[in-house]
Amino acid sequence: MNIKNNINRFWASIACKISPTFYLNLSYFHNRGRLPNLKNPTNLSEFIISKIVSGKINDYAQLADKYAVRSFVAEKGLSHILTKLYGHWDKVYQINFDELPDQFVLKCNFGCGMNVICFDKGQLDFQEVKSQLNSWMEITKFAVAEPHYSKIEKCIIGEELIKDEYFDLPTDYKFMCINGEPHHILVVSEREGHSYKLYTYSLNWEKLDLLKDIYKHDKNIPKPKNLEKMIDYACILSTEFDFVRVDLYDTGDKVFFGEMTFTPHGGLLRYYTTEALQEIWKR
C-alpha cells in the first residue's frame, strides 16, 4: 500500500507541476470517473474546483489562515467561542515550552493535519516536536492545488486543548454551508491518530445518506447538547459566502470554533457520492 501511495504522490506531483487545471481535472477523473464541468458546475465539487482554477479562491486566504481567522470570528461577535490562545510564533525556535501549560495544542496556521496535541507536557519529546514542526513549516505542496494557502504568512499557534465531558478529544461538527446557510453536518468522531469515522446529519439531527459506501457506519451519533447554538454560529460565520465549511466543537458545556475551510479535500470532497454533491448544489 505504501508503494502504491508513493506512486500516486509521484504522479500527483508531476501533474501539479504541469498546471493546476490539469492536476485538478486528473484528480477529479480519478475520483469520479469523468472530467469536471468547470464552466457550468453541476455539483459542489465542480463549483469549488472552478473557483480554484479561476483564482477566485485566493480571496479567502485570510479566512483559511487559522490565526488570522480569529479576528474575523471576533468581528462577528463570537469571540466567546474562540479557544484560549497561548501564543503565535513565526519560527519554531521561538517557542518557549516552559511557558506553555501541561496540556495544549500546537498547529501550523496553513493547510490541514499539522497539529501537535499534548495531553502531558512531562511526556513530550520536545526535539521530536520541533523537528516535526520544522518539517511542516517547509511544506509548499498547497501552492498549486490550493493556491490560497500559499498566500498565508506562515506561523505556529499555541491553543488550549479542548476535551469533551469524558475528557477525550471532542467530536468535530463540520457545517457545510451553501449561500450563507448550513445545509448539513459532516460529523467526525472516534479520532485515534489518523483514524476517524464519518457521519452526515441534517440540521434536525436526522441521519443522511450522502457518503460513499466505504465511509458509511451504522452507529448513531447522539445529538449534541448545543446543536441549536452551533447552527446559529454557522449561519453567522457563513452568511457572506457561496460555500464554506465551518468546523465547530461541542464539549457539552460550551461550543468552540475550529476553522473555516473553502476547499475541503482540495475541492474533491472524496467522501461524498456524486449524486449527493449534485443534490447539495441544487439548493
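The values are calculated or read from the model by the stated rules, or taken from the named source; none is laboratory data. Please read these numbers as outputs of a predicted model, since none were measured by experiment. No Cβ is skipped: glycine too gets one built from the backbone with ideal geometry, and neighbour counts run over all protein chains shown.
Things to note:
- Some residue of region 107-126 being outside any loop (DSSP other than H, G, I, E, B) and at positive phi: no
- When residues of region 181-206 are limited to those that are within 18 Å of the chain's Cα centre (by Cα) and assigned to a loop (DSSP other than H, G, I, E, B), the one modelled with the lowest pLDDT: G193
- Residue within region 161-176 that is farther than 21 Å from D102 by Cα, part of a strand (DSSP E or B) and either touching a His at 6+ places or on another chain (Cβ under 9 Å) or among the small types (G, A, S) (or both) present: yes
- Filtering region 161-210 to residues that are farther than 14 Å from P224 by Cβ, in contact with a Leu (Cβ under 9 Å, 6 or more places away or on another chain) and hydroxyl-bearing (S, T, Y) leaves only T200.
- Of all residues in region 246-283 being under 26 Å from L106 (Cα atoms) and among the acidic types (D, E), the one that is farthest from the chain's Cα centre (by Cα): D253
- Among the residues here, L82 qualifies as touching a Lys or Arg at 6+ places or on another chain (Cβ under 7 Å) and either surrounded by fewer than 16 Cβ atoms within 10 Å (Cβ to Cβ) or at pLDDT 95 or above (or both).
- Scanning region 55-79 for residues that are under 21 Å from M176 (Cβ atoms) and of a type in the set (S, T, Y) gives a single hit, Y60.
- In region 144-180, the residues that are at pLDDT below 85 and at positive phi: F167
- Residue selected from region 24-43 under the condition in a loop (DSSP other than H, G, I, E, B) and touching a residue at least 40 places away in the same chain (Cβ under 8 Å), by the criterion surrounded by the most Cβ atoms within 10 Å (Cβ to Cβ): N43
- Looking only at residues in region 209-221 that are modelled with pLDDT of 95 or more and of a type outside the set (A, V, I, L, M), the one that is surrounded by the most Cβ atoms within 10 Å (Cβ to Cβ) is K212.
- Verdict on D250 being surrounded by fewer than 19 Cβ atoms within 10 Å (Cβ to Cβ), more than 16 Å from M176 (Cα to Cα) and of a type in the set (D, E): no
- Counted residues, region 186-199 - those being among the β-branched types (V, I, T) and touching a residue at least 40 places away in the same chain (Cβ under 8 Å): 0
- The set of residues from region 209-251 being part of a loop (DSSP other than H, G, I, E, B) and under 22 Å from F47 (Cα atoms) comprises D209, L210, K212, T239, E240, F241, D242.
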